[in-house]
Amino acid sequence: MQVLVRDNNVDQALRVLKKRLQQEGIFREMRLREHYEKPSVKRAREKAEGIRRTRKVAQKKLNRELGIVAAKKPRPAPKPVRPAST
């Protein structure tokens, strides 16, 4: 995976890289591989994930048919900036 750094803006490039890794599922994969997972536990987890995924798709389909628009999460209000005391 490759991310270009534009105008010497490393912070922006790092954000883009983290977002791509998140979308690819790399962080999740790393977390799962940190410790050994018994095959029975792995099967149960994968089955539960599949059920959850299926329910999510069915819910989205139902909402689309009923014309329900998903509510966006409200952004937290920015914290007020205090003047520096001298």
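Values in this text are rule-based calculations from the coordinates and carry no lab data. Not measured: the values here are computed from a predicted model. Cβ atoms come from the backbone with ideal geometry, glycine included; neighbour counts cover every protein chain shown.
Name the single residue, out of those in segment 1-36 being of a type in the set (Lys, Arg) and surrounded by 11 or more Cβ atoms within 10 Å (Cβ to Cβ), that is nearest to Ala70 (Cα to Cα). Among those that are of a type in the set (Lys, Arg) and surrounded by 11 or more Cβ atoms within 10 Å (Cβ to Cβ), it is Lys19.
Could you please give the count of residues in segment 55-68 that are surrounded by 10 or more Cβ atoms within 10 Å (Cβ to Cβ) and more than 29 Å from Lys18 (Cβ to Cβ)? Matching residues across segment 55-68 total 6.
Can you spot a residue in segment 37-47 that is outside any helix (DSSP H, G or I) and either surrounded by 10 or more Cβ atoms within 10 Å (Cβ to Cβ) or under 21 Å from the mean Cα position of the chain (by Cα) (or both)? Yes; the residues of segment 37-47 include at least one that is outside any helix (DSSP H, G or I) and either surrounded by 10 or more Cβ atoms within 10 Å (Cβ to Cβ) or under 21 Å from the mean Cα position of the chain (by Cα) (or both).
Looking at the structure I just gave you, is Ile26 farther than 30 Å from Gln2 by Cα and aliphatic (A, V, I, L, M)? It is false that Ile26 is farther than 30 Å from Gln2 by Cα and aliphatic (A, V, I, L, M). When Val16 is tested against the conditions (1) closer than 30 Å to Val5 by Cα; (2) free of Cβ contacts under 8 Å to residues at least 12 places away in the same chain; (3) within 15 Å of the chain's Cα centre (by Cα), the lone failure is (2).
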